[in-house]
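**Q** This is the structure I want to talk about, given as structure tokens.
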Amino acid sequence: MKKFEILFFGKLKETWNTNKLVIESNCTDIESLYEELLTQVTDIPHKESIKVAINDEFVEWNSVISDQDTIAFLPPASGG
Amino acid sequence: MFRLSETTIDDSDLKTQTLNPSSGGFVCFEGWVRNNNQGKDVQKLAYEAYPKLAIKEGNKIIAEALEKFDIKKALCTHRVGLLTIGDMAVWVGVSAAHRDAAFKACRYILDEVKSRVPIWKNESWSDGESGWVEQEEDKN
């Protein structure tokens, strides 16, 4: 099992009721990890609007994840 | 350079940093917290950021502007934390030899920061409720 730190921002913090999770998983990419995380919530966010990052870099949904990675799920920006 | 600020934005200091002897033009945009949004009375708001990624993406946008437009210098600072009505939320300043590039670059930086930099707005309304603000339609 690999260990991941998961970060949620904005309204996604309310969806998962936390801003940070540490989980163990066998998932190998962000997409499958996200599907696994969805089993914890009832209010399913629109995946199309979410951006993802690994270790403080924007990446694609099919990006490979490694043990100890920090993975962030970001709703659409609303700054300015 | 792109910065996040947890305290009041010092616009005069930012202007001083942006001006330079080779530029004949300076264009600035200041975004202020207003008391209404999407039909609701806004009391205050909080900006949350993903700081490391926000600074990286913000600096990438500044670098793009320097590449795309004939400008000399560009700076942008965005507030994070609690803000009240009338507080400055974002400052963008551009210096250039001539006005056209300065106007265009300032607009480019602001538009890209709003859509790409991971910052989120949580508003508190007069009815006692609060909530995360969705990305607004382009109000130009």
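The values are calculated or read from the model by the stated rules, or taken from the named source; none is laboratory data. Just so it is clear, the model here is predicted, and its values are computed rather than measured. Glycine gets a Cβ as well: all are built from the backbone with ideal geometry, and neighbour counts include every protein chain shown.
Residue-wise test of (1) among the hydrophobic types (A, V, I, L, M, F, W, C); (2) modelled with pLDDT under 95; (3) closer than 17 Å to B:I119 by Cα.
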position	(1), (2), (3)
A:F8	yes, no, yes
A:W16	yes, no, no
A:L33	yes, no, no
A:I50	yes, no, yes
A:D56	no, no, yes
A:V64	yes, no, no
A:D69	no, no, no
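**Q** Same structure again: Cβ-Cβ distance below 7 Å, separation of 6 or more or different chains: which pairs start in the range B:112-127 with a residue that is more than 7 Å from chain A (Cβ to nearest Cβ) and end on one that is assigned to a helix (DSSP H, G or I)?
**A** From residues that are more than 7 Å from chain A (Cβ to nearest Cβ), the pairs are B:E112/B:I61.
**Q** Which of the residues spanning the range B:69-118 are touching a helix residue (DSSP H, G or I) at 6+ places or on another chain (Cβ under 9 Å) and either basic (K, R) or assigned to a loop (DSSP other than H, G, I, E, B) (or both)?
**A** Within the range B:69-118, B:F69, B:D70, B:I71, B:K72, B:K73, B:V80, B:K104, B:R116, B:V117, B:P118 meet the criteria.
**Q** Turning to a different aspect of this structure: Residues that are out of contact with any helix residue (DSSP H, G or I) (no Cβ under 7 Å at 6 or more places or on another chain) and buried (at least 19 other Cβ atoms within 10 Å of the Cβ): find the strands (runs of 3 or more DSSP E) completely inside the range A:16-80 holding 2 or more of those. If you could, list the steps in order and put the result at the bottom.
**A** Working: elements: A:20-25, A:51-54, A:57-59, A:70-74.
Strands (runs of 3 or more DSSP E) meeting the threshold: A:70-74.
**Q** Additional query: Select from the range A:40-80 the residues that are of a type in the set (S, T, N, Q) and on the phi > 0 side of the Ramachandran plot and write down the one among them that is farthest from the other protein chains (Cβ to nearest Cβ). Steps first, answer last, please.
**A** Going through the range A:40-80, the residues of a type in the set (S, T, N, Q) turn out to be A:40, A:42, A:49, A:55, A:62-63, A:66, A:68, A:70, A:78.
The next check asks that each one be on the phi > 0 side of the Ramachandran plot; those that pass are A:55, A:68.
Numbers: A:N55: 9, A:Q68: 17 Å.
Among those that are of a type in the set (S, T, N, Q) and on the phi > 0 side of the Ramachandran plot, it is A:Q68.
**Q** In the range B:89-107, what residues are crowded, with 19+ Cβ neighbours inside 10 Å and within 14 Å of chain A (Cβ to nearest Cβ)?
**A** Step one: filter the range B:89-107 for residues crowded, with 19+ Cβ neighbours inside 10 Å, giving B:89-96, B:101-102, B:105-106.
Across the range B:89-107, the qualifying residues are B:A89, B:V90, B:W91, B:V92, B:C106.
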